[in-house]
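To keep things clear, I will list the structure first and then write my remarks on it.
The values are calculated or read from the model by the stated rules, or taken from the named source; none is laboratory data. Here the structure is a predicted model, which means the values were calculated and not measured. Counting neighbours? That spans all protein chains shown, and the Cβs are built from the backbone with ideal geometry, glycine included. Side chains included, ligands, DNA and RNA excluded: accessible areas come from the protein's heavy atoms. Shrake-Rupley method; radii C 1.70, N 1.55, O 1.52, S 1.80 Å.
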Amino acid sequence: MKIVDAANFSTRRDVETGTETQRAAVLDILQAVKQEGDAAVRRFTEQFDRIQLPEMRVTEDEFKEALCAINPEVRDAIREAAVNIRDYHSRQMRQSWMTTHESGTVLGQLIRPLQRVGLYVPGGTAAYPSSVLMNAIPAQVAGVEEIAMVTPPRKDGKVNPGVLVAAYELGVNEIYKVGGAQAIAALTYGTETLKPVDKIVGPGNIYVALAKREVFGLVDIDMVAGPSEIVVLADSTANPAYVAADLLSQAEHDVMASAVLVTTCRELAQAVQQEVETQVAVLPRKEIAQASIQDYGAICVVDSMEEGLDVVNRLAPEHLELMIEEPMAYVGQIKNAGAIFLGPYSSEPVGDYFAGTNHVLPTNGTARFSSPLNVDDFLKKSSLISYSRQDLLTHGQKIVALARQEGLEAHARAIQIRLDNEGK
C-alpha cells in the first residue's frame, strides 16, 4: 500500500455511469424485454449466462435440494443472523399519526408499506446469502406483501444453495433464475412469468447498476451501488494485523474496491504495509485484492486526530472503523459514514453478516447524503388533511392571495367559492 498526501486524496471512482457502449447495450436489453417479455429474458440468459431456461422460477425440488446441500452450521448461522437483523430493523418501524387542532382541523400522515418489491441477488464471481437477509428482512418488517427475488443461474442452471436456503428461512419463495439487465427489465415491466414490482433493491454488476439507473422513475430503486470501500482511522494503539485484515476484507470484493488507512502513527502505517503484503499473499482471491490495494488502496499519515477526522468526513466512506484508544469519544465528530465500527472487536464483517445492522450502504462518497438500507425504504407516506370550516374562513383569503400571486386563478377560485358560500 502506498502512503499518499491526505490533503489531496480521494476515494471517488468514476464507475457508476459506465461507458456509452455499456449504456447502449442496457437500453437495448430493457427495450427488448419490454416488448418481448419472457422470450427476450430467455434469449439474453442464453447469450450471457450460457444457460437455456426451460423454467425460470425456482421449483420446490430445487429448494429441497439446496436444503440438503447446505452445511447445517451455515444454516444455523443464517437463522441466527436473521434474528439479529430482524430485531435491529424492527426498531426502525414508524407509525401513522394524526393531530387535532382546537379549530377542528385534523392533520396527519398515513404510513403504508410498498405492495411488491424486487430483490436482486448477485450470482457471478460470488453469491451472497447475506444479501438476501439484508434486503428482504427490512421489507418484511415494513409489511411488504410480495417479494420477488431474481438471481443469475450458475453454469449448471441452478441457484447457489446458500442463497436459496437464506430465502427459504425467510419465507421468500418467488425466485427466478435470471440476472443482469434483463432481470431488472423483467422486474420493471413485467413478463408473462414475472409480475412487475414497485421497487428494486440489491447490488449487481455495472449492467445491473446502469439498468437500475435507467428504470428509476418507473420503479423506485435503493441506490446505484459502486465498488465497496473501507476507511480505518487508527492511532498507535491499533493492532496492525487487525487493520490489515480489515482492509483486505473489502479489497477482496472487487478490483475497484478501495481500502484506506488514516493514521496519526507512521510506525503503524509501516507495520500495516508489511502486514497487507503478508496477508494478501495467502488469500484465495489474492489477485483481486492485490489489484484493489495497488490501484485504490492508500495510507494517509496525519498530524492529529482532528486532521484524521477531517479526512474521514471528506471521504464519507461506506465502512468506517475507529481503531483508536477511545473510539466512543469521537463518534459525535463523525459526520459522513455509511456504517461506523468502534474498537478492535468490531471488524467490518461483523456488520456484513451478523450483528443486525444493514450491510447495504452508500458508496463512493454518497454517505454525505444517503443512509444504509432500512425499513423506511419500503414505506411510503400519505399526507392527511381534514380542514375545518372555521380554519377555512379564518385563513381562506390568505390561500387565495398565495394562489393569485402564483397566477393560478382556478386555485384561488376553488377557495373563494367556499368563502362566498360559507361566509353568508
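Taking each of Lys199/Lys381; Lys34/Lys195; Lys177/Lys212; Lys158/Lys286 in turn, the alpha-carbon distance tops 23 angstrom for Lys158/Lys286. The distance between label points at Arg91 and Glu46 comes to 5.2 nm (points 7 Å beyond Cα on the Cα→Cβ vector).
For the pair the stretch 200-246 and the stretch 97-164, the centres of their Cα atoms are 18 angstrom apart.
Where the alpha-carbon atoms of the stretch 289-328 are placed on the principal axes, they occupy 33, 19, 18 Å, in descending order.
The amide H of Val302, built 1.01 Å from its N in the peptide plane, has Thr263, Thr264, Cys265 as neighbours under 5 Å, considering only residues 5 or more places off or on other chains. The figure for Lys158 is an accessible area of roughly 70 square angstrom, using a 1.4 Å probe on the protein chains alone.
Under a 5 Å amide H cut-off, with hydrogens placed 1.01 Å from N, Val232 pairs with Val260, Leu261, Val262, Glu321 among residues at least 5 apart or on other chains.
Helical content of the chain, expressed as a calculated mean residue ellipticity at 222 nm, amounts to -14000 deg cm²/dmol (DSSP H runs of 4 or more residues, -39,500 (n - 2.57) each, divided by residue number, nearest 500).
Computed from point charges on the beta carbon alone (+1 for Lys and Arg, -1 for Asp and Glu), the dipole magnitude for the chain about its Cα centre is near 1520 Debye.
Debye sum, Cα scatterers, the stretch 1-122, no solvent: what log₁₀ I/I(0) at q = 0.15, 0.18 1/Å? For the stretch 1-122, the Cα-only Debye profile gives -1.11, -1.13. A full extension of the chain between Lys381 and Glu192 corresponds to an added length of 64.9 nm, given 0.36 nm per residue minus the alpha carbon distance. Cys265 contributes an accessible area of around 20 Å² to the protein surface, as traced by a 1.4 Å probe with all chains present.
Rg of the Cα atoms in the chain, relative to 2.2 N^0.38 Å, amounts to 1.16. Seen against the Cα atoms of the chain and their longest principal axis, helix 129-142 is set at about 20 degrees. Bridgeable aspartates and glutamates around Lys64 (alpha carbons under 16 Å apart, same-chain partners fewer than 8 residues away excluded): Glu169, Glu174.
A viscosity of 0.890 mPa s and a temperature of 25 °C, combined with the Kirkwood radius over Cα pairs in Stokes-Einstein, give a translational diffusion coefficient for the stretch 66-178 of 155 µm²/s.
With the convex hull constructed from alpha-carbon coordinates only, the stretch 144-200 shows a mean projected area of 4.2 nm² over all directions. Accessible surface area normalised per residue over the chain is 48 Å², counting heavy atoms of protein chains with a 1.4 Å rolling probe.
State the percentage of accessible surface on the chain attributable to carbon and sulfur atoms; use a 1.4 Å probe and exclude ligands, DNA and RNA.
Whole-percent figure for carbon plus sulfur exposure: 50.
For Glu214, Glu318, give the ranking by accessible area with the largest first, probe 1.4 Å.
Details: Glu214 60, Glu318 15 Å².
My answer, sorted largest first, is Glu214, Glu318.
In the assembled protein chains, Arg42 presents an accessible area of approximately 80 Å² (probe radius 1.4 Å). Computed over every Cα-Cα pair of the stretch 342-424 and binned at 10 Å starting from 0, the pair-distance distribution P(r) comes out as 13, 24, 14, 12, 16, 15, 5, 0 percent. When the charge dipole of the stretch 234-357 is built from unit charges on Cβ atoms (+1 for Lys and Arg, -1 for Asp and Glu) and taken about the Cα centre, the candidate among Leu268, Ile288, Asn239 whose Cα reaches farthest toward its positive end is Ile288. Against the chain, whose longest principal axis is taken from its Cα atoms, helix 72-90 shows a tilt of about 40°.
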